[in-house]
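Only one structure is covered here, and it is reproduced in the block below.
The values are calculated or read from the model by the stated rules, or taken from the named source; none is laboratory data. Here the structure is a predicted model, which means the values were calculated and not measured. Neighbour counts run over all protein chains shown; Cβ positions are idealised from the backbone, glycine included.
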Amino acid sequence: MENETKKIDTVVIHGGYDSKEHKGSLTPPLYQTSTFTFETAEQGERRFAGNEEGFIYSRLGNPTVKALETRIALIEGGEAGLAFGSGMAAVSAVLLSLTKTGDHILCSKGLYGCTFGLLQLIKEKYNITHHYSGMETEAATEELIRPETKAIYVETPINPTMSLIDLEMVVNVAKKYNIPVIVDNTFCSPYLQQPIKLGCDIVIHSATKYIGGHGDVIAGLVVGKQHFINELAMTTRKDVGGIISPIDAWLLLRGLKTLPVRMDRHCYNAKRIAELLEQHESIDGIFYPGDSKNPQYHIMKKQMSQAGGLISFTIKGTKENAQSVINELKLIKIAVSLGDAETLIQHPATMTHAVVPEDQRQQMGITDNMLRLSVGLEAWEDIWMDLKQALDILAK
Ligand SMILES: *Cc1c(COP(=O)(O)O)cnc(C)c1O
């Protein structure tokens, strides 16, 4: 493929787009159209029959969306990509296409709150069951695999506890049983971690986060083998209909161009903030994969190029103390989502993971005094000054 030998920093800018095919337009044009005209009835027939390349209707495909899909596949090192109207549209399309009633999904212990909700829904409505596993070792992962296990679904780092799953180990187990491994790669973005290159089968992104990067789009992406992506496009995406709009695809193409530059800054800032947080007297514990004292530091070194821009931490005190800390912040905004230019903070127990029942939340390690920080692109000194003044109040 044309971009195979180029570095990711180049592929995010040029991958899968040839300006010669678009009247010389430097940036991929925005095809803001619902449908495409056929020159003749026979051409329409050929397009529907799949005997002629070309677009039909934007729920089936759109040139701006296609440019994004081609680019993300090249970036992740996969065969093909598919875009969706949200990360959850991508997650649900993938899980529904891989499973039927009676099947089973093995999941990492700790998932995005709505993925947790979706698994609950498909269990109750369609008897598609699941188990959560810490996946600490091959034996621990293998233990919960059953004949009806049709997918292994993991997040790493896990939201919001930031614990890691050793992808190489999970792939080893999955290969023995011929089960596809799906990775929600949202927290890393392809700049920090490329699961397909580590042997995983399918990558999912909430492109709302680092890929968009500017807090103005909700979207999802999937990368996998060509035959799987074709099936996904022609079944769950076409018929359930969770498509992305052309303008959102266009915004993601723009966001992608600066992904490596932004990620370097997110990672740099987070490292500084993590080091400072750790020393503050109001902090009880810190959950950051880049901490060399973190018992999973070697996994981070093995599969991620940098530790990422997210830090979770627990404060000394109660839920009310955690809430009062974030109420004191001035520069840092209280909001869910992550990966934006703005530094964002949230309280997982009452926000992103409020849907998870209390006992399961405890099992996942999401305590009431935990906060999750998405370190933005501001000067780290300013981010720290804001955090410090809020934490100092608690220490008094
Ligand atoms: C935000 C998020 C999702 C869901 O994505 P949306 O774009 O909000 O639908 C899924 N997984 C992870 C890890 C996320 O952070």
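The figures follow:
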{"item": "Conditions (1) out of contact with any Leu (no Cβ under 8 Å at 6 or more places or on another chain); (2) away from the ligand (no atom under 16 Å from the Cβ); (3) of a type outside the set (K, R): number failed by V12", "result": "(1)"}
{"item": "S292 being in a helix (DSSP H, G or I) and either without any contact (Cβ under 8 Å) to a residue 24 or more places away in the chain or closer than 21 Å to A395 by Cα (or both)", "result": "no"}
{"item": "Qualifying residue in the range 89-102 (condition: more than 8 Å from the ligand (Cβ to nearest atom), part of a strand (DSSP E or B) and either buried (at least 22 other Cβ atoms within 10 Å of the Cβ) or outside the structural domain of L252 (by TED's automatic domain parsing) (or both))", "result": "no"}
{"item": "Search result, residues across the range 40-96 that are aromatic (F, W, Y) and in contact with a strand residue (DSSP E or B) (Cβ under 6 Å, 6 or more places away or on another chain)", "result": "Y57, F84"}
{"item": "Odd one out for T350 among (1) outside any loop (DSSP other than H, G, I, E, B); (2) more than 16 Å from the ligand (Cβ to nearest atom); (3) polar (S, T, N, Q); (4) at pLDDT 95 or above", "result": "(1)"}
{"item": "Residue match in the range 235-242 (condition: touching a helix residue (DSSP H, G or I) at 6+ places or on another chain (Cβ under 8 Å) and away from the ligand (no atom under 16 Å from the Cβ))", "result": "yes"}
{"item": "Selected residue (only one of R265, R254 is part of a helix (DSSP H, G or I), more than 27 Å from L394 (Cα to Cα) and touching a Leu at 6+ places or on another chain (Cβ under 6 Å))", "result": "R265"}
{"item": "Residue match in the range 351-360 (condition: in contact (Cβ under 8 Å) with a residue 24 or more places away in the chain and touching a strand residue (DSSP E or B) at 6+ places or on another chain (Cβ under 7 Å))", "result": "yes"}
{"item": "Test: residue in the range 302-313 that is of a type in the set (F, W, Y) and touching a residue at least 60 places away in the same chain (Cβ under 8 Å)", "result": "yes"}
{"item": "Any hit, the range 182-202, residues being hydroxyl-bearing (S, T, Y), outside the structural domain of C267 (by TED's automatic domain parsing) and within 14 Å of the ligand (Cβ to nearest atom)", "result": "yes"}
{"item": "Close pairs (6 angstrom Cβ cut-off, 6 or more residues apart or separate chains): in a helix (DSSP H, G or I) in the range 37-61, of a type in the set (V, I, T) anywhere", "result": "R47/I56"}
{"item": "Flag for I229 being out of contact with any helix residue (DSSP H, G or I) (no Cβ under 6 Å at 6 or more places or on another chain), over 15 Å from L253 (Cβ atoms), away from the ligand (no atom under 12 Å from the Cβ) and assigned by TED's automatic domain parsing to the domain that holds R146", "result": "yes"}
{"item": "Residue that is farther than 30 Å from L256 by Cβ, of a type in the set (K, R) and touching a residue at least 40 places away in the same chain (Cβ under 8 Å), where the choices are K109, K125", "result": "K109"}
